[in-house]
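Inspection log for the structure reproduced underneath, given as structure tokens.
The values are calculated or read from the model by the stated rules, or taken from the named source; none is laboratory data. Being a predicted model, the structure only gives us computed values, none of them experimental. We place every Cβ from the backbone using ideal geometry, glycine too, and count neighbours over all the protein chains shown.
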Amino acid sequence: MALDSKVPKGPIKDKWTDYKNHIDLVNPANKRHIDVIVVGTGLAGGSAAATLAELGYNVKAFAYQDSPRRAHSIAAQGGINAAKNYQGDGDSTYRLFYDTVKGGDYRSREANVHRLAEVSANIIDQCVAQGVPFARDYGGLLDNRSFGGVLVSRTFYAKGQTGQQLLLGAYSAMNRQIARGKIEMFNRHEMLDVVKVDGKARGIIARNLITGEIERHSAHAVVIASGGYGNVYFLSTNAMGSNATAAWKIHKKGAYFANPCFTQIHPTCIPRSGDYQSKLTLMSESLRNDGRIWVPANMEDAKAIQERKLKPTEIAEEDRDYFLERRYPAFGNLVPRDVASRAAKERCDAGFGVNATGEAVFLDFASAIERYGKTQAKVQNINNPSAEKIYELGQAIVEEKYGNLFQMYEKIVDENPYETPMMIYPATHYTMGGVWVDYNLMTTVEGLYCIGEANFSDHGANRLGASALMQGLADGYFVLPYTIGDYLSDDIRTGKIPTDTKEFDEAEKEVKERIEFFINNKGTKSVDHFHKRLGKVMWDKVGMARNEKGLKEAMAEIKAIREEFWKEVNVPGSANEMNPELEKAGRVADFLELGELFAKDALVREESCGGHFREESVELDGPQKGEAKRNDKDFAFVSAWEYKGEPADAVLHKEELEFKDIELKQRSYK
Amino acid sequence: MNLTLKIWRQKDSNAKGQMVDYKVTDISEHMSFLEMMDVLNEQLVNSGEDPVAFDHDCREGICGMCSMYINGEAHGPDRGITTCQLHMRMFNDGDTITIEPFRAAAFPVIKDLVVDRMAFERIQQAGGYISVNTSGNTQDANSLPISKHAADEAMDAATCIGCGACVATCKNSSAMLFVGAKVSQYALLPQGQVEAADRVKNMVAQMDLEGFGNCTNTGACEIECPKGISLDNIARMNRELMKANIS
């Protein structure tokens, strides 16, 4: 099947408006005869469910947690971008569009990104109307902060809990519709397969995680909003339950999977401390507004720090290497995430890491505290303030901005980050790749949509900070409600989709057989055992730096782990009860397939771009020496993989990317 | 360190539960409490026993899923944290640790340490929102200035993660801190004024219907709250309710 992105004709700035003016609509009286299933209730799924219900559709929403409010969007810290230009610093729809395409290293679809930038400003209006308590200045207007990879201040925030507040906004909109009966909410339910009737998505099979019961749910369209697949690495900043099962199941039923190798390794996470570690914790990118990243400039100092013979505060200013400021003077500590992560890895690989494992760099707030303290002293008319007073005043400002993050750090690491620099290291955070969708956000299966992090569309090979929340809410509040209506306008006479059909019988049978297999297998090793082994292969060979040899090895190793998993996995308990080990087994089985496709995609893409760094593809000389080298001639396409059984047999389809409104350039942050 | 764990085991909501003793060894002080539980569960799976079911997800103190009652305290012996942020450095070698589910009539046990907090959902569905459609056709966000003070206070109330520690801690199993926080967030903002009276009346009525107890101003909820939600929110809710009832 040839890929058709269905991007509307016309100038880029008019595409979305013209599109909306010409699509088919469903009249309000007919909407109540149409059912839509939404899987996942984070920012994308929650906002989509609420909006579709408001429009009049009957929505069935599914979450594996006990409440929609607990989806992992809740953990997003730093903020949400919007081209409001409230700061008057030159921001515009075009600039947000440009920054996002450039930040994504020119591997995203222009038309989608422009639409995202267009609707971004509206998101802020909407959220404020819902009562989201964004940070404000003393005049009562909304405050902004800066994020990486851009030269304007366009990020709106609510302390370090922006994701929480935005999700609670979407959740409150959902609650209003749940109370009206327009959303039927299925908490503690997990989607285990999609059901297709005559080629169209018409329902799902879900498991009630309390009783173990397998349920059939039908609808006229199915929306997948189940988030990313970062947990393929075992350790990531994702929630423990974050999984790729819904996305992978639809892939196996015909939805192409795009750019799996585009994964974001976030530069500022708390380093791992031992083998027992279950997850990694992010320290918001917003900290790079005020924190300066450094390692010792001299190897002797680095060694002494690693052996805890020297404290970071004892190293003189001139003996510190602020390597981001040194390498990228224009953007400094606010370079995009992929660039910052690789630079940290480069220093650590060279032996300058600052903890016992040598895998950490410092994030230092001392100069920010001093700077804020001096400003405050002036504001408060304190003449000749003492160093202590300046510190006290400055610390209060830093606490107001990042207090919850500092507290989180202290609880985990047991060190006070006001007194000693934080230690940070890159960790898997977000997946730009995902289910391929067209301009309508529809997958290659009719009536099957995919939104938010679960799809591939807007971030190319690298996502800029504070853009995930923007995309999730844009898809759910403002894009999908239009595009899905155009599709559903053909379904007004279809009537309720029955669930007592052979298509549902077959899908349910498949799901039940797999569960029975796990329960009866009685192997010798736990699910986590396999998940950790998969994670290690992924991190070592498909992590921040990749090469042909390693990727080939990774594919073979993942296949071997998968084969062993199906022989040796041990799932205790029974199918008809709450059984967390059974839930994990299903998810890890899917990760074991996805991981191999991921490595295959990375192998095929013989260029470095964004979060995908191939050691074979670097600039060899000139001012960009050592930086990642993109290859637009051969790789300006989206890889969309078609499922053919074994991941190694997947077939590649290419969506060629055209850049008409932005000139393809080397991404320089120097 | 080596520890003895006394854990509430209950097969399902109808079964009779009991405390069961387990031993774990070589626990690092740098582990989180839930990583210690992972070690126990790996041990149980490998010896063919049923692992302990417990709620958890983000493991960074924000989703509100984890809910253990540890040594007689919701989220255990540390302040301003959830169970997932509790670290083993708070315990000593040889300790016996008692682990129970959050206990309240309105939070029935589902299995082991997992409880049903749907009562919180229903309270929010009764009025925890502003009735504005998500059409995007609202006014420009900056056309409504809100004082920094009010915005900050609303934010403080809105940081509630809905974990239920307040209910589990309260001797009356009262949900006043939770409901007070939600009512306050909207009461402090101009957008919330239009529906303020109905909101507080409906949410409080639903809270009573769910079987939560009354507030007797003990203040234990505020101390155990992982997000430091203040008792002021309860006072504000009471004022809002009185205002709604007399107007």
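A few remarks follow.
- Any hit, region A:140-157, residues being touching a strand residue (DSSP E or B) at 6+ places or on another chain (Cβ under 8 Å), modelled with pLDDT under 95, surrounded by fewer than 24 Cβ atoms within 10 Å (Cβ to Cβ) and not in a loop (DSSP other than H, G, I, E, B): yes
- Taking the numbered list (1) over 22 Å from the mean Cα position of the chain (by Cα); (2) surrounded by fewer than 18 Cβ atoms within 10 Å (Cβ to Cβ); (3) free of Cβ contacts under 8 Å to residues at least 60 places away in the same chain in turn, A:E615 passes all entries but (3).
- Residues (at pLDDT 95 or above and outside any helix (DSSP H, G or I)) located in region A:545-574: A:R546, A:N547, A:V569, A:N570, A:V571, A:P572, A:G573, A:S574
- Any hit, region A:419-426, residues being hydroxyl-bearing (S, T, Y) and either without any contact (Cβ under 8 Å) to a residue 24 or more places away in the chain or in a strand (DSSP E or B) (or both): yes
- You will find that of A:D24, A:D18, the residue that is away from chain B (no Cβ under 14 Å) and either part of a loop (DSSP other than H, G, I, E, B) or under 30 Å from B:Q125 (Cβ atoms) (or both) is A:D24 and no other.
Each row is one residue, and each column tells you yes or no for (1) in a helix (DSSP H, G or I); (2) touching a Gly at 6+ places or on another chain (Cβ under 9 Å); (3) crowded, with 16+ Cβ neighbours inside 10 Å.
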position: A:Y276; (1), (2), (3): no, no, yes
position: A:L280; (1), (2), (3): no, no, yes
position: A:A302; (1), (2), (3): yes, yes, yes
position: A:P329; (1), (2), (3): no, no, no
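- Some residue of region A:570-586 being of a type in the set (S, T, N, Q) and either crowded, with 20+ Cβ neighbours inside 10 Å or in contact with a His (Cβ under 6 Å, 6 or more places away or on another chain) (or both): yes
- Subset of region B:225-246 (residues that are surrounded by 20 or more Cβ atoms within 10 Å (Cβ to Cβ) and in a helix (DSSP H, G or I)): B:N233, B:I234, B:R236, B:M237, B:E240
- Considering region A:494-515, the residues that are touching a strand residue (DSSP E or B) at 6+ places or on another chain (Cβ under 7 Å) and not in a loop (DSSP other than H, G, I, E, B) include one that is farthest from A:N570 (Cα to Cα), namely A:E503.
- Selection status of A:V36, in contact with a helix residue (DSSP H, G or I) (Cβ under 6 Å, 6 or more places away or on another chain), of a type outside the set (S, T, Y) and in a strand (DSSP E or B): yes
- Every residue from region A:265-284 that is more than 11 Å from chain B (Cβ to nearest Cβ) and farther than 21 Å from A:K159 by Cα: A:I265, A:P271
- When B:I110, B:I81, B:I27, B:I70 are checked against the criterion of being more than 15 Å from the chain's Cα centre (by Cα) and within 27 Å of A:V413 (Cα to Cα), a single residue qualifies: B:I27.
- Matching entry among A:S467, A:S457 (being closer than 24 Å to A:D99 by Cβ and modelled with pLDDT under 95): A:S457
- Region B:1-56 - residue that is among the hydroxyl-bearing types (S, T, Y) and outside any loop (DSSP other than H, G, I, E, B) and, of those, nearest to B:M90 (Cα to Cα): B:S32
- When B:N217 is tested against (1) part of a loop (DSSP other than H, G, I, E, B); (2) in contact (Cβ under 8 Å) with a residue 24 or more places away in the chain; (3) in contact with a Leu (Cβ under 8 Å, 6 or more places away or on another chain), exactly one condition is not met: (2).
- Matching entry among A:K536, A:K532 (being within 14 Å of another protein chain (Cβ to nearest Cβ), basic (K, R) and in a helix (DSSP H, G or I)): A:K532
- Pair list, Cβ < 6 Å and 6+ apart or interchain, from region B:53-79 residues that are at the interface with another protein chain (Cβ under 8 Å from one of its Cβ atoms) to residues that are small (G, A, S) and part of a loop (DSSP other than H, G, I, E, B): B:D55/B:S67; B:D57/A:A239; B:D57/A:G241; B:C58/A:A239; B:G64/B:G162
- Taken together, the criteria place A:Y430 among residues that are under 14 Å from the mean Cα position of the chain (by Cα) and either of a type outside the set (S, T, N, Q) or outside any loop (DSSP other than H, G, I, E, B) (or both).
- Candidate set from region A:452-478 (those that are of a type in the set (D, E, K, R) and not in a helix (DSSP H, G or I)); member that is nearest to the chain's Cα centre (by Cα): A:R463
- Residue list for region A:229-247, restricted to those being on the phi < 0 side of the Ramachandran plot and either within 14 Å of another protein chain (Cβ to nearest Cβ) or surrounded by fewer than 24 Cβ atoms within 10 Å (Cβ to Cβ) (or both): A:G230, A:N231, A:L235, A:S236, A:T237, A:N238, A:A239, A:M240, A:G241, A:S242, A:N243, A:T245
- Condition check for A:D99: more than 7 Å from chain B (Cβ to nearest Cβ) and closer than 24 Å to A:K670 by Cα: yes
- Residues that are assigned to a loop (DSSP other than H, G, I, E, B), buried (at least 24 other Cβ atoms within 10 Å of the Cβ) and within 8 Å of chain B (Cβ to nearest Cβ), drawn from region A:160-192: A:Q161
- Residue check for A:P481: part of a loop (DSSP other than H, G, I, E, B), surrounded by fewer than 24 Cβ atoms within 10 Å (Cβ to Cβ), out of contact with any Lys or Arg (no Cβ under 9 Å at 6 or more places or on another chain) and in contact (Cβ under 8 Å) with a residue 60 or more places away in the chain: no
- A:G90 vs. criteria facing chain B (nearest Cβ under 8 Å), among the small types (G, A, S) and outside any helix (DSSP H, G or I): no
- Single unsatisfied condition, B:L177 versus (1) in contact with a Pro (Cβ under 7 Å, 6 or more places away or on another chain); (2) more than 7 Å from chain A (Cβ to nearest Cβ); (3) within 20 Å of B:I62 (Cβ to Cβ); (4) of a type outside the set (V, I, T): (1)
- Being surrounded by 24 or more Cβ atoms within 10 Å (Cβ to Cβ), of a type in the set (D, E, K, R) and touching a residue at least 24 places away in the same chain (Cβ under 8 Å) holds for only one residue in A:D66, A:D24, and it is A:D66.
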